[in-house]
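Working notes, beginning with the structure itself.
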Amino acid sequence: MLGFIGGSGLYEIEGLSVLEEKFIKTPFGDPSSPVVLGELEGRKLAFLARHGRDHSYPPHLVPYRANLWALREVGVDRVLAVSAVGGINKLFNPGDFVIIDSFLDFTKRRKSTFYEGKFSVKVEGSDKVARLLNSGKVVHIDVSEPYCPQMRMLLMEILQEKGLRYHPAGVYACTEGPRFETPAEIKALSALGADVVGMTGYPEVVLARELTMCYTSLCVVANPAAGISSGRLTSDEVLELMAEKEAQIKEVLKEFARRLPEEKTCGCSEVLEGAEV
Ligand code: HPA
């Protein structure tokens, strides 16, 4: 099943005919919102609000593991996440979409793996993920291609067709937050190759991947990153831009739900082959 994770400014999906709302408890704690199961464009899907429906979870305290596990519990095997980002690359302007293809991790205190060897949380189930956790295995997943290429390609097609400004690739730097960055930090991130900066893309991407899910991220440039343009940065600015883009984002998500083929052409689900020690 397809799952959407909504970021800042995206707390529900209009047009989604809601079938059920599930309050799921996971071995990794409670997710930040109930999982809404519904139908969009004839396709059954799941929606979760990353920051909670009332935006009460700051980026560094989002229960990323519980969120991904809750989606797994309802049968999600592909995740499309929407995130607001700051633009570092001078070609990436507010309002642009970015189909990121890699990340840099600068987070500091987040649980970024399910696989903790002998310290792993024990879970129910009998698939490979459950077996690896329950047998206390150490697992190293490959992230040469962290974002699902099939999903990325479809996003590009849709954005192209709709005539929306987008960048087909980009490096996402994830900072710990919740504060914005200093101009010096943005300069450093730029030198390291980052195009955009956000606070929530990591560890979400790797946790999804560890569960063999396809994952991709639709980033929306909400503001020039600190020091790129003059003046101070505010949450108001980010939320205002996301509100302006809301209709477009929802159009893209709708089309995505309609067009994503059931058949996978990517290798995301084989990520655990040969990954255990
Ligand atoms: N920095 C970090 N996260 C963000 C930004 C930013 O400038 N804009 C939106 N999310």
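Annotation: lysines with alpha-carbon distance below 27 angstrom to LYS25 (same-chain offsets under eight excluded): LYS44, LYS108, LYS111, LYS118, LYS122, LYS128, LYS137.
For the range 1-112, what does the accessible surface come to per residue with a 1.4 Å probe? Please give it in Å².
Values: 4500 Å² over 112 residues.
Counting only protein heavy atoms, the per-residue value for the range 1-112 is 40 Å².
In this calculation the C-beta distance from LEU239 to ARG165 is compared with R0 = 22 Å, giving a FRET efficiency of 0.65.
If only the Cβ of Lys and Arg carry +1 and only the Cβ of Asp and Glu carry -1, the dipole of the chain around its Cα centre is close to 580 debye. For the range 1-108, chymotrypsin sites (Phe, Trp or Tyr not before Pro) meeting the loop criterion (DSSP other than H, G, I, E, B) and having at most 15 other Cβ atoms within 10 Å: PHE23. On the basis of the beta-carbon distance and an R0 of 45 Å, ARG109 and GLU251 show a calculated FRET efficiency of 0.75. Extending 7 Å from the Cα toward the beta-carbon at both GLU157 and GLU124 defines two label points whose distance is 3.8 nm.
Applying both filters, DSSP loop and at most 12 other Cβ atoms within 10 Å, to the trypsin sites (Lys or Arg not before Pro) of the range 78-142 gives LYS90, LYS108, ARG109, LYS122. The peptide list 202-214, 163-175, put in order of mean Cβ contacts within 10 Å with the highest first, becomes 202-214, 163-175. For the chain, the orientation-averaged shadow of the C-alpha convex hull comes to 13.8 nm² (one quarter of the hull surface).
The values are calculated or read from the model by the stated rules, or taken from the named source; none is laboratory data. Predicted, not measured: the structure shown is a model, and the values here were computed from it. All Cβ positions, even for glycine, are placed from backbone atoms using ideal geometry, and neighbour counts span all protein chains on display. Heavy atoms of the whole protein, side chains included, go into the accessibility calculation; ligands, DNA and RNA do not. Shrake-Rupley method; radii C 1.70, N 1.55, O 1.52, S 1.80 Å.
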